[in-house]
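Any read-out appearing in this document is the output of simple, stated calculations on the displayed coordinates, not a laboratory observation. What you see is a predicted model, and the numbers here were worked out from it, not measured in a lab. Positions of Cβ are backbone-derived with ideal geometry, glycine not excepted, and every protein chain shown enters the neighbour counts.
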Amino acid sequence: MGNYEKALEFLKQKYSESEYFKRKPWSMEYRINHSIRTANIGRYIAKCEGMNEEALAIGCLLHDISYALDFTCKEDIINHGRTSAKMVRPFLQELGYSEELINNICYGIAIHVDDKADFEGTLNPFSYSIVASDNIDRYDTYRIYDNMEHIHFDKISIDEQIAYVTKMLRQLKKAKLVNFMTKTANDLWQDKIAFQIKNVSSEPLAVLGATYSQDKKPSLTVLLSDELVERGMNATQIVRDAAKEIQGGGGGQPFFAQAGGKKLDGLNSAMDKLMALFA
């Protein structure tokens, strides 16, 4: 068994022993998938930048391992990067990594929430690539739509939806300026959030959502700016066409529409069809 496989086993063991995840098994599935996606991003960055691929992938994989603990307050969540670093260090020592490499990995894990560590470390392209990989996945289309599902976007009022989207756009505009210290990470970052921003302020905007419920029923959401509607685009027509991929149907208004279906494995195809309209 290779070191990455050992790390994945270590992560799954901690999560399977977690009382929190025993109460919320769907949350464990999401957290594992996020960790693996982040590790894959980290490995790609490392490969392109000539870094230690295995070590960076392991650091990315284990960056959220403290979610196995029961967080009792907001402070626990803010500190989860530093807590994860403490949990990971003994495991990395068992792998036989050098202290310098271990410290770089743990530093990247520790700072990934709020850029703060509780031990001495160096901010370098390797350690910051753990932060970059987490953020690249966190601002990816899938993750944003997962967050929309978490707040029950389809059940809140239109005004609340618009307020949420407006806030998200402000965050994305600020996020666009982040520098992750490597060309590869920066290129990935810009590619990921470019889809989220269809220009800003008075320029045309489309927000597309693809989610699924706990019972695995897929749903789609399309929100268009007034300018796109004036150009002749219709959210209801768009969402109904895409809903064919999930064997469903929907409706709404020219600027906002939703659709539900029953074919979960068609969700990616539906999202591809929506994205193609705004490429």
Listed highest first by mean packing, meaning other Cβ atoms within 10 Å per residue, what order do 88-97, 48-57, 162-171 come in? 48-57, 88-97, 162-171
First measure r as the distance between the Cβ atoms of K174 and Q237, then evaluate 1/(1 + (r/R0)^6) with R0 = 25 Å and state the FRET efficiency to the nearest 0.05. 0.15
Taking W189, W26 and counting other beta carbon atoms within 10 angstrom, the fewest-first order is W26, W189
Output wanted: per-residue J couplings in Hz (rounded whole) for segment 233-249, from phi through Karplus 6.51 cos²θ - 1.76 cosθ + 1.60, θ = phi - 60°, x for Gly and Pro. 6, 9, 4, 5, 4, 5, 5, 5, 5, 5, 5, 4, 6, 10, 6, x, x
Can you give the FRET efficiency to the nearest 0.05 for N147 and D265, using r as the Cβ-Cβ distance and R₀ = 25 Å? 0.65
What is the Cα centroid distance between segment 1-62 and segment 80-152, reported in whole angstrom? 11 Å
Listed candidates [x] 17.0; [y] 14.7; [z] 15.5 - label of the one calculated as mean projected area of the Cα convex hull in nm²: [z]
Length gained, E230-L95, 0.36 nm per residue minus C-alpha separation, equals 42.6 nm
Starting from a Cα-only point model with no solvent, please compute log10 I(q)/I(0) by Debye for segment 3-137 at q = 0.20 1/Å. -1.16
Rg and Dmax of segment 206-277, using alpha carbons, in Å: what are they? 11.3, 37
If neighbour count is taken as other Cβ atoms inside 10 Å, put V229, V131 in order from fewest to most. V229, V131
By the scheme Lys and Arg +1, Asp and Glu -1, what is the net charge of all other residues having a beta-carbon under 14 Å from that of S16? +2
How far apart, in nm, are the 7 Å Cα→Cβ label points at Y30 and K155? 1.3 nm
For the cross-link pairs K22/K74; K216/K273; K167/K244, which exceed 26 Å when the distance is taken from alpha carbon to alpha carbon? K167/K244
Full-stretch length increase - K47, Y164 - with 0.36 nm per residue and alpha-carbon distance subtracted: 38.5 nm
Of H150, H80, H63, how do they rank once you tally other Cβ atoms within 10 Å and put the fewest first? H150, H80, H63
Would you mind calculating the relative contact order of the chain from Cα pairs under 8 angstrom and at least 6 residues apart, reporting the percent as a whole number? 12 percent
